[in-house]
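This report refers to the structure that appears directly beneath it.
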Amino acid sequence: MTKSFEAVIATVRMSLTPGRIYSILLLLVLTTMVSAQQNFDYLMSKARENSRNPDSLSYYGKLLLEKEDSLSRLEGYFAIGYAAYQSGSIKQAVAYYDSALVFTNRKKLRTTYDRIVRNQAIAYQRMGEIDKAKQIYEQMLVLADDEKNPIGRALALNQLGILEQMDGNFEKASKQFNEALDLYKKHSPEGMVNTMLNLGTLYGRMDLIDKSNTILKEAAATAMSFKQPVLAARCYNNISVNFRKIAQLDSSNTYLKKSLPIYTATRNTLGLVNTYQNIAHNFLEAENQDSCYHYLHQARALNEPGEDMFLSGELDFLEAQAELKFGETAKAIALINQSITKALTQQRIDDLRDRYEFLSEAYEKDGQDKLALQILKKWKALDDSLEYFKNIKTIDEITAEYDLARSEILVESTRVKTNLTRNLIIVSVITLLVVGLAYTYYRNFRKERSEKLVKENELEQLKEKLRDLTHRSQLATQREFITLKSKALLKLEEIKYIQSDGPYIEIYLDEKQKPEVDRNTLKNILSELPSNKFIQVHRSYIVNIDHIKSIYATKLVLEDGTELNVSRSFKEEVESLLNMPA
């Protein structure tokens, strides 16, 4: 038995020539490499499959980090970073993205590198570091154009559109979103859902509710067709906001019920915070105090302090509204000031209008009518400055002015309260010492009450003017510009005529082929225009008289040759204004 075994060993030794040994070793190495690649491919496929489930994504990211090669480490750090971002740990996400970038550069893996940098910029944006984010997006756009990369350009345009929307530049944001959408449709249809979502959200902010909901519903359906349920849930959340705007709370809640199970199943913290916030807002509108605070506290509990400045500011504003309706006015004032400060830090100019109006309302409820009036007057002046001179002033200068104006009001608030306390003490002492002056004080009280009523009336009028864009200028004849509901700013002298088109109007301008479109009526827009320059000539047309060349029995001709119908009911007024014989 032993001899036989030794014989076998000897035979094997004789057969293992150096060439055969090399072949066996090579086969072992190749087998190991194939196995490792298969293992990497498997982990990456599972990471992609669970990209919207933070817990599972983090798990597969950690498995990738156990491997020694740089590609696995890169993807592992990115996966854990993206999981942290979705869980609301924004700063932690940025740190993991930085770690991922250590293992690559743009020359080696362009697409992967761009993906990590883009997500890092989005995280900066959520943290309020807008300049860093914008610099990255602009660099992405330049590189995409240099490399003739349409998808890279679409990605950059989508993110820059979000920043323009934040700055209140709705027209520019809309153009960027639409261009990105066209590029996605041509080159990568599965990537267009996010841009459709952003465009639908933009139209919602412009109060084009029907148009917004149509796009968002289409985006949700597209997302589900590409197995992107979290994006569909984001669409449902935004549709719910639209329905709340038009006081359809039942419809709003229906869409929130669609989004909540998706976010719960995927443990998507950011989505859950948004959903709880919207549910709380609906209960606020329904004046259900307990449920409002319950969901507000659930949202607060999930939003880590100091991580997501945008969500934190939104929750401050919502809690301020709840406190003003159900709780303490002083707490509401403190919370809205926190929210304003965070909006300023993020340069979210478009968010300031509602917040300043709310701050004024809170001061008014607190009995500080003078401060409420000052807040609205300062905001009104600064808002006009923003609309008219945004192309001249930098965002930093504008936001500094907003912050300075609010600081002045807060200082004035402290001074007034101090003076009020001191005056009350003096009045009390004098009242005790000199009872005979009671009648005089009574008369003064009546006078102060009368002045307060006058101030309250003035405040209410100013608030109405702020809400109604038709009173942006006290004298229509001195207007040089007009601001549309879409936020577009137009020079009056460049407007040739305005045409009604159902719920929209089309505004035709000098040296521009396509008209500006706005959701408005001829009646409303006419009330905003100088009556000595613009006149309605037909139920479908308003004309700038400076552009009229000639008038006939049933039509008029503009300087550029455009012919418009003139109704009999308007013809006499047109001729009277132009001093022409009938």
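Put a plus charge on the Cβ of each Lys and Arg, a minus charge on the Cβ of each Asp and Glu, and nothing anywhere else: the dipole of the range 480-527 about its Cα centre is then about 240 debye. Accessible area per residue (1.4 Å probe, heavy atoms of protein chains only) ranks Phe177, Phe283 as Phe283, Phe177, with the largest value leading.
Taking all C-alpha pairs of the range 184-299, those more than 17 Å from each other amount to 54 percent.
Here are some pairs, Lys217/Lys487; Lys132/Lys514; Lys46/Lys134; Lys108/Lys175; Lys185/Lys342; Lys523/Lys571; which of them have Cα atoms lying more than 29 Å apart in this structure? Can you show the working numbers first?
Values: Lys217/Lys487 24 Å; Lys132/Lys514 35 Å; Lys46/Lys134 32 Å; Lys108/Lys175 33 Å; Lys185/Lys342 36 Å; Lys523/Lys571 17 Å.
With Cα atoms farther than 29 Å apart: Lys132/Lys514; Lys46/Lys134; Lys108/Lys175; Lys185/Lys342.
What does the extension gain come out to for Asp131 and Leu490, with contour length at 0.36 nm per residue minus their alpha carbon separation?
Working: separation 359, 0.36 × 359 = 129.24 nm, distance 2.81 nm.
Gain on stretching Asp131 to Leu490: 126.4 nm.
Accessible area of Phe310 (1.4 Å probe, protein heavy atoms only, ligands and nucleic acids ignored): about 50 Å².
What does the charge add up to near Glu494, with Lys and Arg as +1, Asp and Glu as -1, over the other residues with Cβ less than 11 Å from its Cβ?
On the way: positive: Lys491, Lys496, Lys512; negative: Glu480, Glu493, Asp510, Glu511, Glu516, Asp546.
Within the 11 Å Cβ shell, the charges total -3.
Maximal additional length on extending the Thr254-Lys185 stretch stands at 21.8 nm, based on 0.36 nm per residue less the C-alpha distance. Taking a ≥ b ≥ c as the square roots of the eigenvalues of the alpha carbon gyration tensor, the range 88-158 is oblate, as a/c is not under 1.5 and a/b does not beat b/c. For the pair Glu480 and Ser45 in one chain, pulling the backbone fully straight at 0.36 nm per residue adds 150.7 nm over the alpha carbon distance. Selection among Thr254, Leu315, Ile340 by position relative to the dipole of the range 224-349 gives Thr254 as farthest towards the positive end (Cβ unit charges, Cα centre).
Let a ≥ b ≥ c be the square roots of the eigenvalues of the Cα gyration tensor of the range 30-149; is it rounded (a/c under 1.5), or, if not, prolate (a/b larger than b/c) or oblate? Oblate shape, in that a/c is at least 1.5 and b/c is the bigger or equal ratio.
Mind running the shape call on the range 246-317? Use the C-alpha gyration tensor, a ≥ b ≥ c as the square roots of the eigenvalues: rounded below 1.5 for a/c, prolate if a/b tops b/c, oblate otherwise. It is oblate, given that a/c is not under 1.5 and a/b is not larger than b/c.
When only the heavy atoms of the protein chains count and the probe is 1.4 Å, how do Ser89, Ser225 rank by accessible area, highest first? Mind showing how you got there, number by number?
On the way: Ser89 15, Ser225 85 Å².
Putting Ser89, Ser225 in descending order of accessible area: Ser225, Ser89.
Loop-only check: which GluC sites (Glu not before Pro) in the range 74-177 are DSSP coil with at most 14 other Cβ within 10 angstrom?
On the way: sites: Glu75, Glu129, Glu138, Glu147, Glu164, Glu171; in loops: Glu129, Glu147.
Answer by residue number: Glu147.
The values are calculated or read from the model by the stated rules, or taken from the named source; none is laboratory data. Being a predicted model, the structure only gives us computed values, none of them experimental. Cβ: placed from backbone, ideal geometry, glycine included. Neighbour counts: every protein chain shown. All accessible areas refer to the heavy atoms of the entire protein, side chains included, with ligands and DNA or RNA removed. Shrake-Rupley method; radii C 1.70, N 1.55, O 1.52, S 1.80 Å.
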